[in-house]
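Worksheet: the structure to be examined is printed underneath.
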Amino acid sequence: MSSILTQHLKNGQRALPSLENIAKVSPLVTREMAQNGGSYTLQGTNTYIIGTGTDRLLLDTGSGSYEYIPFLKEAMKQTGCESLKGIIITHWHHDHLGGVPSIQAEFGMENPIPIYKFMPENMEETFGKGEGSKNPFEIWPKEKFLPLVTEQKLVCEGATLRVVHTPGHASDHVVVILEEENAMFSGDNVLGTGTGVFRDLSAYIKSLKLMLDLNPGRLYPGHGPVVEDGRKLINEYIDHRMARLKQVQDILGSHPLKPWRKDKIAANIYPSLPEELRLPAIYNTERVLLALLNQGTVEMKTDDASGEILWSLVKERL
Ligand SMILES: [Zn+2]
């Protein structure tokens, strides 16, 4: 079945729509591509200049590609933006936060630009796991971030932004509502193309449901094009994740006496995946298994002979 989650896969290959380097996507929002396209970042990370005046807010910064700054300057010039009032980081992954030092060097030498980010207490525990695993505090010192709180509002001329903590993809992930448009900057929780990865599936599904409750119209995602019907896509993401939970249980239940390796389960779920997406698929499958483990639905053990970790349904469920 073709859905918005799979329509970018043509014969198993990825066919991504190209995005302009600078695009005025609404009267209040201009998107600049961070010049860091790749298998994890799709067309690259989206960064957004928000507001109408000469002093505006920027959401996300890309990876720190040297090619990005000229596009950011050009976008500011085209929109009449002369300075950046603040930068909101949706989450700590390198492709969203890595541009902070170069933007600060370009625009904030005399008056440093405030950098806003949600700062959960246990954040360091998640570094080095999954994608985007560079330690963010080696990129920008921890004490220089201004901590966001949920429901915090940040304003500039023409725009009122409301921050909501939505962990799961990353523990510090926030989405940001642009109240004037009832639009949502969805970060990496919901993408404009394909489906994303997540660290904690239970938290992720909870956050998707919270995003739905916020009832957004448009989504401005961290990667991929603008999503016009945000609620529809968030619903598809929730259905997709719930279906995956069931699918993994069904696979394990299909041979109840045979414990499974995670890569075999992933190969069963995604039979014709391009090579570049194989590792993210295994990573996501493992997250599903860990969520089922937390629920007490599956168990894991280490095979004595091979040392491999094997997964099976908890016996009383068979
Ligand atoms: Zn991310």
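Key figures for this structure:
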read-out	value
Search result, residues across the stretch 53-63 that are among the hydroxyl-bearing types (S, T, Y) and within 16 Å of the ligand (Cβ to nearest atom)	T61, S63
Odd one out for G196, checked against (1) part of a strand (DSSP E or B); (2) over 18 Å from M123 (Cβ atoms)	(1)
Residue list for the stretch 64-112, restricted to those being in contact with a Lys or Arg (Cβ under 6 Å, 6 or more places away or on another chain) and within 16 Å of the ligand (Cβ to nearest atom)	I89, H94
Helices (runs of 4 or more DSSP H) lying entirely in the stretch 50-160 (those with 2 or more residues that are surrounded by fewer than 20 Cβ atoms within 10 Å (Cβ to Cβ))	68-79, 100-107, 136-139
Checking K232 against (1) buried (at least 23 other Cβ atoms within 10 Å of the Cβ); (2) out of contact with any His (no Cβ under 6 Å at 6 or more places or on another chain), the condition it does not meet	(1)
Extreme residue, nearest to E236 (Cα to Cα), among residues of the stretch 1-33 that are small (G, A, S) and at pLDDT 95 or above	S26
Failed item, numbered, when L214 is tested on (1) among the hydrophobic types (A, V, I, L, M, F, W, C); (2) surrounded by 21 or more Cβ atoms within 10 Å (Cβ to Cβ); (3) more than 29 Å from L277 (Cβ to Cβ)	(2)
Near pairs, Cβ below 8 angstrom, 6+ apart or cross-chain, from the stretch 262-283 (assigned by TED's automatic domain parsing to the domain that holds K301 and of a type in the set (S, T, Y)) to any residue that is part of a helix (DSSP H, G or I) and buried (at least 16 other Cβ atoms within 10 Å of the Cβ)	Y270/L277; Y270/A281
Criterion violated by I205 - all others in (1) assigned by TED's automatic domain parsing to the domain that holds A23; (2) surrounded by fewer than 19 Cβ atoms within 10 Å (Cβ to Cβ); (3) in contact with a Ser or Thr (Cβ under 6 Å, 6 or more places away or on another chain) satisfied	(3)
Test: I309 is modelled with pLDDT of 90 or more, surrounded by 14 or more Cβ atoms within 10 Å (Cβ to Cβ), of a type in the set (A, V, I, L, M, F, W, C) and closer than 23 Å to Y204 by Cα	no
Output for the stretch 117-135, where each listed residue is within 16 Å of the ligand (Cβ to nearest atom) and modelled with pLDDT of 90 or more	K117, F118, P120
Condition broken by E179, with the remaining ones in (1) touching a residue at least 60 places away in the same chain (Cβ under 8 Å); (2) in contact with a Ser or Thr (Cβ under 9 Å, 6 or more places away or on another chain); (3) under 21 Å from I49 (Cβ atoms) satisfied	(1)
Evaluation of T150 against (1) polar (S, T, N, Q); (2) modelled with pLDDT of 95 or more; (3) away from the ligand (no atom under 15 Å from the Cβ) (one fails), failing number	(2)
Matching residues in the stretch 176-199 - criterion: being closer than 17 Å to V164 by Cβ and of a type in the set (D, E, K, R)	E179, E180, E181, D188
Selected residue [modelled with pLDDT of 90 or more, within 16 Å of the ligand (Cβ to nearest atom), under 27 Å from G38 (Cβ atoms) and more than 10 Å from the chain's Cα centre (by Cα)] from V176, V190	V176
Hey, E138 over 19 Å from the mean Cα position of the chain (by Cα) and in the same structural domain as D55 (by TED's automatic domain parsing) or not	yes
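Residue by residue, here is whether (1) away from the ligand (no atom under 16 Å from the Cβ); (2) part of a strand (DSSP E or B); (3) surrounded by 15 or more Cβ atoms within 10 Å (Cβ to Cβ) holds:
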{"position": "K258", "(1), (2), (3)": "yes, no, no"}
{"position": "E276", "(1), (2), (3)": "yes, no, no"}
{"position": "Y283", "(1), (2), (3)": "no, no, yes"}
{"position": "A291", "(1), (2), (3)": "yes, no, yes"}
{"position": "N294", "(1), (2), (3)": "yes, no, no"}
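The values are calculated or read from the model by the stated rules, or taken from the named source; none is laboratory data. Computed from a prediction, not measured in an experiment: that's the story for all the values here. Heads up, the Cβs are rebuilt from the backbone with ideal geometry, glycines too, and the neighbour counts pull from every protein chain shown.
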